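One structure below.
The values are calculated or read from the model by the stated rules, or taken from the named source; none is laboratory data. Please read all numbers here as calculations on a predicted model, not as lab measurements. Cβ sites come from the backbone with ideal geometry, for glycine too, and all protein chains shown count toward neighbours. Heads up: the accessible areas ignore ligands, DNA and RNA and are worked out on the full protein's heavy atoms, side chains in. Shrake-Rupley method; radii C 1.70, N 1.55, O 1.52, S 1.80 Å.
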Amino acid sequence: MKDGDLQRVAGRLTVARGVFVITGAGVSAESGIPVFRGPGGYWRKYRAEELASPEGFRRDPKLVWEWYNERKRLVRSAIPNPAHDVLARWDERYPDFLLATQNVDGLHQRAGSKRIAELHGCILRSRCMKTGQRFEDGEVDTEIEVPPRSPADPSALLRPDVVWYGEYLPMEPIERTEGFLSTRGVEVCLIVGTSAQLPYIVMWALEARRSGAMLVEVNPDPRFGEMADVVLEAPAGEALGRLDGLIERA
Ligand code: OAD
């Protein structure tokens, strides 16, 4: 990560009013939560179609729930890292701000972020397979009976309230993100800790850039390369922490 690049991004962030951030699993890596692809990633060890698809769930709901329960335990014991903390501070700082996250761990919310489009749902919520009713953890125990039955309809199972492969994204976060991009002037768009496999991530980033935003990628193993104006090749906590320090001092 070059000092000159950090200064350039900090310069723009210091005067900006509109900031759009997209995050992926890499932002929670420093909190001890594994990413999906790459070294130590879930998809190196497990098959996504078995654990994160409607077909996989139909085939073996117990296996899927056991995997989610293991991840829930990890998420509950994790704490937000400096990257989550900085993004929560920026939520307060910028009049026009949106954080679109692919993460399901709820760590952004725990750090204090408010304006969030939760694209892939949340691992700490469940949903009735029949009625669609949602339950927060605490309202139902997903560990006593695995797979858990739905309190809304005991003939149905509960499933994690997340988006699986082969499923559509929920409309609310998409509309929120697209509404934000079309009505607010985004001056800086940061893509943090994602391999950007999902096409809408690339589409939104490029749309922000086309409308004049500085496109900044934060990733120790960058994906956007030349599509980005600036690449900060570093862990999210370090890069965002240094940017925040520079903005505060400006
Ligand atoms: P990936 O696991 O695909 O990518 C994680 C990215 O984070 C990689 O590009 C890493 O280089 C980067 N990274 C690792 N450590 C980092 C750190 N400390 N700071 C910053 N970046 C770091 O995760 P996502 O892009 O979030 O979907 O994956 C998108 C979706 O694919 C997930 O939501 C999940 C997954 O399969 C479903 O389960 C439906």
Residue among Asp161, Asp229, Asp221 that alone is touching a residue at least 24 places away in the same chain (Cβ under 8 Å) and open to solvent by 40 Å² or more (accessible area, probe 1.4 Å): Asp221
Looking only at the range 87-104, and only at residues there that are outside any helix (DSSP H, G or I) and open to solvent by 10 Å² or more (accessible area, probe 1.4 Å), the one that is farthest from Ser155 (Cα to Cα): Pro95
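Per-residue answers, yes or no, for (1) open to solvent by 10 Å² or more (accessible area, probe 1.4 Å); (2) at pLDDT below 95:
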position	(1), (2)
Leu119	no, no
Gly138	yes, yes
Glu145	yes, yes
Pro154	yes, yes
Arg176	yes, no
Gly185	yes, yes
Residue within the range 228-237 that is β-branched (Val, Ile, Thr), under 18 Å from the mean Cα position of the chain (by Cα) and more than 11 Å from the ligand (Cβ to nearest atom) present: no
Matching option when the condition is assigned to a strand (DSSP E or B) and within 16 Å of the ligand (Cβ to nearest atom), among Ile201, Ile123: Ile123
Ser113 vs. criteria among the polar types (S, T, N, Q) and surrounded by fewer than 19 Cβ atoms within 10 Å (Cβ to Cβ): no
Residues of the range 35-55 satisfying the condition of being near the ligand (Cβ under 8 Å from one of its atoms) and either open to solvent by 40 Å² or more (accessible area, probe 1.4 Å) or within 20 Å of Asp161 (Cβ to Cβ) (or both): Phe36, Arg37, Tyr42, Trp43, Ala48, Ala52
